[in-house]
Structure formats: C-alpha cells, structure tokens
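What follows is a single structure, written as structure tokens, with notes after it.
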Amino acid sequence: MNTLYLYVYTKIMVNLFIFFFALSTCLISQSKVGDWETYLDYSSVNTISCFENIVYAGTQTQFFFYNENDNSVSNFSKLNSLSDNNISAIKYDPISKTLVMGYENGNVDLFFQNTVINIPYIKNANIIGQKTINHIFIKDQTAYLSCSFGLVKLDLINAEILDTYYFTHTGVNSEV
C-alpha cells in the first residue's frame with residue numbers, strides 16, 4: 001500500500017510540475033497587456049535606396065533597413081515613429097546623415113538618428129490632383145522631390161520647403 005501511495009503521489013507531482021512549467025512558459029512568451037507586436041510585410045517593397053552596407057526599403061506599411069555587416073533588420077512603421085503609410089520614394093543623404101521618405105499622399109518624413117521629423121506641407125497643400133512623391137534627388141543637403149504636380153525643393157538642414165516649381169501643359173500641372 002505504501003508503494004502504491006508513493007507511485008500515485010509521484011505521478012501527480014510530475015504532472016503538476018509539467019502543467020505549471022508549460023503554463024509559465026506560455027505566459028512568459030506573450031506580450032504584456034498594452035504592448036504591441038508588429039508583423040508587417042517585408043515582401044512588397046515600393047522603393048529602395050542603398051548606401052555603403054545598408055539597404056533602406058519602403059513598403060506600403062513600413063520602412064526598414066538591412067545592415068549587411070551584421071545581418072540585422074530594423075523596422076519602423078506608423079505604430080512606432082513614422083507619420084504615414086505607403087512610402088513611394090526614399091533617398092539617403094550621407095552628408096547630413098538623413099533619410100528622406102516621400103509618401104503617396106505627399107507627406108514627407110526626415111529620418112536621422114532614429115528620430116523622425118514630419119513635413120506635412122505638400123500633403124496639406126491645396127493642390128488639385130495627386131500629390132505622390134515619385135522620386136527624390138539630393139545635392140548639397142537639398143532634396144528635390146519630383147511629384148505628380150511638379151518639383152519641390154526641400155532644405156534638409158532646416159527641414160523646410162524652399163520652393164515649388166509647377167510645369168504646366170495646356171493649363172494642367174505636369175508630372176515630374
């Protein structure tokens with residue numbers, strides 16, 4: 001009788017240990033209440049820019065960069081720092097160490113040292129038609145944004161728009 005009691009007691013204790021171990025493992029692996037886990041798409045890249053061993057990529061939902069030296073990936077989205085979705089153009093300026101991101105709706109973000117400065121002036125402008133940023137060219141710390149309505153000159157140091165150029169054909173703004 002004593003060995004039967006010991007056998008049953010050992011079985012119960014082993015099962016309880018396994019149950020509590022499995023329960024604690026499940027609880028530890030979950031996010032805390034109020035924390036966000038992001039699972040964004042890396043496969044549909046809209047635009048890409050490379051500098052040295054870092055590849056910058058913009059998608060519909062996020063911006064991420066891949067460091068070829070240590071094979072690390074860092075991602076940023078509207079959930080953790082970006083101002084908008086659907087990046088349409090991206091360009092890195094090595095002199096100011098600033099990444100310029102243009103969005104489909106005309107919004108612009110300047111990303112440097114893991115900080116984002118938003119420039120919403122094109123997005124908020126009273127322009128008829130699309131405001132998509134098609135391409136970004138950088139020279140002397142000035143970014144030239146080719147847009148659906150014309151060309152925008154952007155000062156990267158002061159984060160301000162310097163000028164806007166419209167190219168019209170038969171009274172309609174031409175896409176650059």
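Where residues in segment 61-82 are among the hydroxyl-bearing types (Ser, Thr, Tyr) and in a strand (DSSP E or B), which of them is least open to solvent (accessible area, probe 1.4 Å)?
The first filter runs over segment 61-82 and keeps only residues among the hydroxyl-bearing types (Ser, Thr, Tyr), leaving 61, 66, 72, 74, 77, 81.
Those still in the list that are in a strand (DSSP E or B) too: 66, 72, 74, 77.
On the way: Tyr66: 75, Ser72: 44, Ser74: 41, Ser77: 6 Å².
Residue satisfying both the conditions and the ranking: Ser77.
Of the residues Ser44, Ser88, Ser74, which single one is within 30 Å of Leu110 (Cα to Cα) and at pLDDT 90 or above? Break it down stepwise before answering.
On the way: Ser44 fails: at pLDDT 90 or above; Ser74 fails: at pLDDT 90 or above.
Only one candidate qualifies: Ser88.
Based on this model, can you work out whether Ile117 counts as of a type in the set (A, V, I, L, M) and more than 19 Å from Val176 (Cβ to Cβ)? Before you say what the answer is, go through the steps one by one.
Values: of a type in the set (A, V, I, L, M): yes; more than 19 Å from Val176 (Cβ to Cβ): yes.
Against the criterion (of a type in the set (A, V, I, L, M) and more than 19 Å from Val176 (Cβ to Cβ)), Ile117 qualifies.
Restricted to segment 99-141, and to residues that are under 20 Å from Ser74 (Cβ atoms) and outside any strand (DSSP E or B), which residue is nearest to the chain's Cα centre (by Cα)?
Looking at the filtered set, the residue picked out is Asn114.
Which condition breaks for Val152 when tested against (1) assigned to a strand (DSSP E or B); (2) closer than 25 Å to Asn75 by Cβ?
(2)
Would you check if Asn69 is farther than 30 Å from Thr170 by Cα and in contact with a Lys or Arg (Cβ under 9 Å, 6 or more places away or on another chain)? Spell out the reasoning first.
On the way: farther than 30 Å from Thr170 by Cα: yes; in contact with a Lys or Arg (Cβ under 9 Å, 6 or more places away or on another chain): no.
Judged against the criteria, Asn69 is not a match.
Regarding segment 141-149, can at least one residue be identified that is of a type in the set (Val, Ile, Thr) and open to solvent by 10 Å² or more (accessible area, probe 1.4 Å)? Working first, answer last.
Here is the first cut: in segment 141-149, the residues of a type in the set (Val, Ile, Thr) are 142.
Among the residues that remain, those that are also open to solvent by 10 Å² or more (accessible area, probe 1.4 Å) are: 142.
Yes: segment 141-149 contains one or more residues that are of a type in the set (Val, Ile, Thr) and open to solvent by 10 Å² or more (accessible area, probe 1.4 Å).
Give me the residue from segment 155-175 that is open to solvent by less than 70 Å² (accessible area, probe 1.4 Å) and not in a strand (DSSP E or B) and, out of that set, nearest to Asn105 (Cα to Cα).
Ser174
Let me spell it out: the conditions are (1) farther than 25 Å from Asn80 by Cα; (2) touching a strand residue (DSSP E or B) at 6+ places or on another chain (Cβ under 7 Å); (3) open to solvent by less than 40 Å² (accessible area, probe 1.4 Å), and Ile136 meets all of them except one. Which number is the exception?
(1)
What is the one condition in (1) farther than 19 Å from Ser49 by Cα; (2) touching a residue at least 12 places away in the same chain (Cβ under 8 Å) that Asn158 does not satisfy?
(2) is the only condition that Asn158 fails.
The values are calculated or read from the model by the stated rules, or taken from the named source; none is laboratory data. The structure displayed is predicted, hence computed values, not measured ones. Cβ: placed from backbone, ideal geometry, glycine included. Neighbour counts: every protein chain shown. Surface areas here come from the heavy atoms of the whole protein model, side chains and all, with no ligands, DNA or RNA. Shrake-Rupley method; radii C 1.70, N 1.55, O 1.52, S 1.80 Å.
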